[in-house]
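**Q** Dropping a structure here in C-alpha cells format, bear with me for questions.
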Amino acid sequence: MIEITPRSIPPDSEQHLLGQGYSPALAKIFAARGITDSKQLDTTFAGLLSFDTLKNSREMARLLADAITARQKILIIADYDADGATACAVAVRGLRIFGAHVDFIVPNRFEYGYGLTPEIVQLAAQSKPDILLTVDNGIASVEGVAEANRLGMQVFVTDHHLPGDTLPEAACIVNPNQPGCAFPSKNLAGVGVMFYVLLALRAELRTRSAIDNAPLPLAGQAATSQIAGVVDCLVVPSEGLGVRDERREPNLAILLDLVALGTVADVVRLDQNNRILVQQGLQRIRAGRACTGINALLQAAKKDPARASSMDLGFTVGPRLNAAGRLDDMSLGINCLLTDDAPTALQIAAKLDALNRERRSIESDMQDSALASLEHIDPKDSFSLALFDETWHQGVIGILASRLKDKFHRPTIAFARSNNGEIKGSGRSIAGLHLRDALDLVSKRHPMLIKKFGGHAAAAGLSIAETDFADFVAAFEKVSSELLSASDLEQRIATDGALDTSEMNLDVAYLLDEQVWGQGFPAPQFSDDFVVQNQRVVGEKHLKLRLTKNRKPIEAILFGHSEPLPEKIHAVYNLSVNEYNGSQSLQLIIRHWQ
C-alpha cells in the first residue's frame, strides 16, 4: 500500500510566517517547503538575480551587439519541446526588438533528432547565416559545432542541460551548469537562459548608446519592430530588472509570459528566482497582456486568462504546445507564439488542440500495451524499467515513461524505433536516482552501448542500437540497483496533513491558485477521512462525489475511476474552483484514496 506521510512543519517558521500576516493555511504550507521568512516569497523584480554572475553572458551580449551592428544574419536553432519553443520565441522577439536580422529553424525530431547535429547544421547552412544561436540545446553538440565551424559559421550556445566531459568549441557558451559558472540558480530553463542573455544584451547596447539613439515607440503607440506590437517602452530597470533607469528603452518584461510558460512546462525546479520569473509572467497573462499565441492556447483549452495559474501553464497550455513537437513539427507551435495576428493564432491553436487530443489517444494505447507486456513481470523484482515496442510513437515515449514511473515508482525508460537500426529512449526517474548520471555510468562501463545521451536528474534521452536493447536493460538495471536502496522504491505521497473544514472554502482555493507551484515547490495537497454520501459516474470514466467531513457536505471528483468507492475513505486531495454555467464552487480533486 502507498504510504501517506505528512510534511514536516518547522514550528518556528510557521509562527514567524503567521507573525508576518500569512493565513494559517499558507503559513503551514510555506513552512513545510522550507520558507522561513516572507523575503523568500518576494516575487517582485527586486529579488531577481543579476546576469553578472552568469558566465559569458556579457561576452555573448558583446558578440550579439557586434552582429546587430554589422547586420549579420542570426539563425536560431531551437528544440522541439515547450521550453525550446518558448526560448526560440523569446530569442526571435527579443533580438528583433534590438534590430537584429534573425530567423529560426527547429529540427524535426523524426528526421534529425535532438540538438545541433551535423545534419541540422548542413540544413541551416542553406540559408547562409553568419551565426547559429542555439536555445535549450547545444551543450552536448560537439560534432555539430565542429561542422558549423568547418562551414564558416559562428555558434553561440544557450542551454541549461548538464554538460558532458567535453564542451563544444563554440564561440560563446551561456549555461548556468557549465564548469566555472557562479550563477546562484542552476535551475534556469532554456527560456530563462535566453531571457538573461537579452538582459545582458540590453545592458551592452545601453553602454554603446545604441538604445537611446533607436527610434523606439512610446508606450501605447504601435511598435516599429519586425514583430508588430512587441515593444513596450517604459521606465525600466537598468541592470537585470532590479534598479530603475529613467531612459526610454525596450521593456523586456513583455517576454515574461513566454518565460513563465517554458519554465513551468519544462518542470525545472522552482527556486525563488524561477518563481519570480513565473509569477511576473502570470501577472502579465492575468492582466490581459500575454502574447497573442498564449491567449489563443488558453482559449482553445477553455481557460480564462484572468485566472491563469502555474498549473494551467504546466497541464493545459504546455501539453498543447508540446503536441506539435511530439506528433508534427514544432515550427507550428513556435509560429503560434510569434504571430501577433489573433485569427492566425486561433487557427494554429486549434490545430495544436487537435494534435494534443491525438497525442492523448496514442498515449493511452501505448500505456495499455506497456501494461500488457508487464502482466507476467513483477516490477517489484527490479530497480528499473526499460521497455521497447516497435509500434510505439517516438513523440509520446517520454509521457509513457512518466506514467509508468508514477505507477511503479521505478526509473523508467521507454524506447521507440528510430532510423538506421537504432531505437530512441526517453526516461523519467524517481528521487534517489540521477538519471543522466546513471546513463553516464552505463556509458563508461559499456563504451559502445549508448550512441548518445543527455538530460537532467529527473529526465533524460538516449539512442542505442536495437540489437543492443537486452544488453542495455541489464546494464541499466545493474547501475540502478547500485544507486537505489529498497526504501527508495517504496512509494510515498507527501501531504500537508488534514485541512480544517473552516478552511475548505472558495477563498482558500483562490488564495492557493494565485501562488506559483511546481517542481521543487509542490502544490499543496491534503489528506483527510471522509464519508461518501453520494457518487455517480460522469463522462463515462470519472466519479462525481459528495463527501462529508464532520457532517459538512463537500463536492469532489475522482478522475479516471468509475468503480464505486466504499462508504468511508481516506483521501489525498487538492482544493479547486469548479466553474459551471457561469457560477463557481469549491470542489476537491481526489488524487489518491484508500
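The values are calculated or read from the model by the stated rules, or taken from the named source; none is laboratory data. Every value quoted in this text rests on a predicted model; they were computed, and no experiment measured them. Note that each Cβ is placed from the backbone with ideal geometry, even for glycine, and that neighbours are counted across all protein chains shown.
**Q** How many residues does region 62-99 contain that are surrounded by 24 or more Cβ atoms within 10 Å (Cβ to Cβ) and part of a loop (DSSP other than H, G, I, E, B)?
**A** Number satisfying all stated conditions: 4.
**Q** Please find, among R284, R244, R248, R269, the residue that is at pLDDT 95 or above and basic (K, R).
**A** R284
**Q** While we're on this one: Going by what's in this entry, would S487 be described as outside any strand (DSSP E or B), among the polar types (S, T, N, Q), closer than 30 Å to A460 by Cβ and at pLDDT below 95?
**A** Considered against the rule, which asks whether it is outside any strand (DSSP E or B), among the polar types (S, T, N, Q), closer than 30 Å to A460 by Cβ and at pLDDT below 95, S487 comes out as yes.
**Q** Filter region 433-454 down to residues that are more than 21 Å from the chain's Cα centre (by Cα) and not in a helix (DSSP H, G or I) and give me whichever is nearest to S481 (Cα to Cα).
**A** Here is the first cut: in region 433-454, the ones more than 21 Å from the chain's Cα centre (by Cα) are 438-452.
Remaining after also requiring not in a helix (DSSP H, G or I): 446-452.
On the way: H446: 17, P447: 20, M448: 21, L449: 19, I450: 19, K451: 23, K452: 22 Å.
Among those that are more than 21 Å from the chain's Cα centre (by Cα) and not in a helix (DSSP H, G or I), it is H446.
**Q** A follow-up question, please. Among the residues of region 177-199, write down those that are touching a Gly at 6+ places or on another chain (Cβ under 9 Å) and closer than 13 Å to F156 by Cβ. Reasoning before the result, please.
**A** Within region 177-199, the subset touching a Gly at 6+ places or on another chain (Cβ under 9 Å) is 185, 187, 189-192, 194-199.
Of everything in region 177-199, those that are touching a Gly at 6+ places or on another chain (Cβ under 9 Å) and closer than 13 Å to F156 by Cβ turn out to be M194, V197, L198.
**Q** Residue check: is A25 assigned to a helix (DSSP H, G or I), over 30 Å from D500 (Cβ atoms), in contact with a helix residue (DSSP H, G or I) (Cβ under 7 Å, 6 or more places away or on another chain) and touching a residue at least 60 places away in the same chain (Cβ under 8 Å)?
**A** Judged against the criteria, A25 is not a match.
**Q** Here are N574, N550: which of them is surrounded by 15 or more Cβ atoms within 10 Å (Cβ to Cβ), in contact with a helix residue (DSSP H, G or I) (Cβ under 9 Å, 6 or more places away or on another chain) and within 21 Å of P6 (Cβ to Cβ)?
**A** Of the residues listed, the single one that is surrounded by 15 or more Cβ atoms within 10 Å (Cβ to Cβ), in contact with a helix residue (DSSP H, G or I) (Cβ under 9 Å, 6 or more places away or on another chain) and within 21 Å of P6 (Cβ to Cβ) is N574.
The rows are residues; the columns are (1) outside the structural domain of P24 (by TED's automatic domain parsing); (2) outside any strand (DSSP E or B); (3) in contact with a helix residue (DSSP H, G or I) (Cβ under 9 Å, 6 or more places away or on another chain).
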{"residue": "A498", "(1), (2), (3)": "yes, yes, no"}
{"residue": "V516", "(1), (2), (3)": "yes, yes, yes"}
{"residue": "L543", "(1), (2), (3)": "yes, no, no"}
{"residue": "E555", "(1), (2), (3)": "yes, no, no"}
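**Q** Looking at region 455-473, which of its residues are surrounded by 14 or more Cβ atoms within 10 Å (Cβ to Cβ) and either in the same structural domain as N177 (by TED's automatic domain parsing) or assigned to a helix (DSSP H, G or I) (or both)?
**A** Applying the first criterion (surrounded by 14 or more Cβ atoms within 10 Å (Cβ to Cβ)) to region 455-473 yields 455-466, 468-469, 471-473.
E466, D468, F469, D471, F472, V473 - these are the residues of region 455-473 that are surrounded by 14 or more Cβ atoms within 10 Å (Cβ to Cβ) and either in the same structural domain as N177 (by TED's automatic domain parsing) or assigned to a helix (DSSP H, G or I) (or both).
**Q** Tally the residues that are within 24 Å of L441 (Cα to Cα), more than 19 Å from the chain's Cα centre (by Cα) and of a type in the set (A, V, I, L, M), restricting the search to region 143-177.
**A** The total comes to 1.
**Q** Would you call G115 modelled with pLDDT under 95, assigned to a loop (DSSP other than H, G, I, E, B) and assigned by TED's automatic domain parsing to the domain that holds I254?
**A** Yes: the conditions hold for G115.
**Q** Does A523 satisfy being of a type in the set (G, A, S), in the same structural domain as R591 (by TED's automatic domain parsing), surrounded by 19 or more Cβ atoms within 10 Å (Cβ to Cβ) and modelled with pLDDT of 90 or more?
**A** No.
**Q** Which condition breaks for Q533 when tested against (1) surrounded by fewer than 15 Cβ atoms within 10 Å (Cβ to Cβ); (2) at pLDDT below 95?
**A** Of (1) surrounded by fewer than 15 Cβ atoms within 10 Å (Cβ to Cβ); (2) at pLDDT below 95, only one is false for Q533: (2).
**Q** Then there's this: Among the numbered criteria (1) within 27 Å of Q178 (Cβ to Cβ); (2) buried (at least 16 other Cβ atoms within 10 Å of the Cβ), which one does K444 miss?
**A** Among (1) within 27 Å of Q178 (Cβ to Cβ); (2) buried (at least 16 other Cβ atoms within 10 Å of the Cβ), the lone unmet condition for K444 is (2).
**Q** In this structure, is F110 in the same structural domain as F195 (by TED's automatic domain parsing), in contact (Cβ under 8 Å) with a residue 40 or more places away in the chain and part of a strand (DSSP E or B)?
**A** Criteria not met by F110.
**Q** Among the numbered criteria (1) out of contact with any helix residue (DSSP H, G or I) (no Cβ under 8 Å at 6 or more places or on another chain); (2) in contact (Cβ under 8 Å) with a residue 60 or more places away in the chain, which single criterion is violated by S585?
**A** Single failed check for S585: (1).
**Q** For region 183-204, how many residues meet the condition of being touching an Asp or Glu at 6+ places or on another chain (Cβ under 9 Å) and among the β-branched types (V, I, T)?
**A** Adding up the residues that qualify gives 2.
**Q** Continuing with the same structure: Out of K424, K380, which single residue is out of contact with any Cys (no Cβ under 6 Å at 6 or more places or on another chain) and either surrounded by fewer than 20 Cβ atoms within 10 Å (Cβ to Cβ) or part of a helix (DSSP H, G or I) (or both)? Talk me through it step by step, then tell me what you get.
**A** Details: K424 fails: either surrounded by fewer than 20 Cβ atoms within 10 Å (Cβ to Cβ) or part of a helix (DSSP H, G or I) (or both).
That would be K380, the only listed residue that is out of contact with any Cys (no Cβ under 6 Å at 6 or more places or on another chain) and either surrounded by fewer than 20 Cβ atoms within 10 Å (Cβ to Cβ) or part of a helix (DSSP H, G or I) (or both).
**Q** Right, here's the next one. Does any residue in region 141-157 that is in contact (Cβ under 8 Å) with a residue 12 or more places away in the chain and under 15 Å from C172 (Cβ atoms) come within less than 8 Å, Cβ to Cβ, of a residue that is of a type outside the set (A, V, I, L, M, F, W, C) and surrounded by fewer than 19 Cβ atoms within 10 Å (Cβ to Cβ) six or more places away or on a different chain, and which pairs are these?
**A** What qualifies is V145/E169; N149/E169; M153/D130; Q154/D130; V155/N149.
**Q** From the set of residues in region 399-416 that are surrounded by fewer than 24 Cβ atoms within 10 Å (Cβ to Cβ), within 15 Å of R360 (Cβ to Cβ) and not hydroxyl-bearing (S, T, Y), which is farthest from the chain's Cα centre (by Cα)?
**A** By that ranking, first place goes to R403.
**Q** Out of region 118-139, which residues are in contact (Cβ under 8 Å) with a residue 24 or more places away in the chain and assigned to a loop (DSSP other than H, G, I, E, B)?
**A** S127, K128, P129, D130, D136, N137, G138, I139
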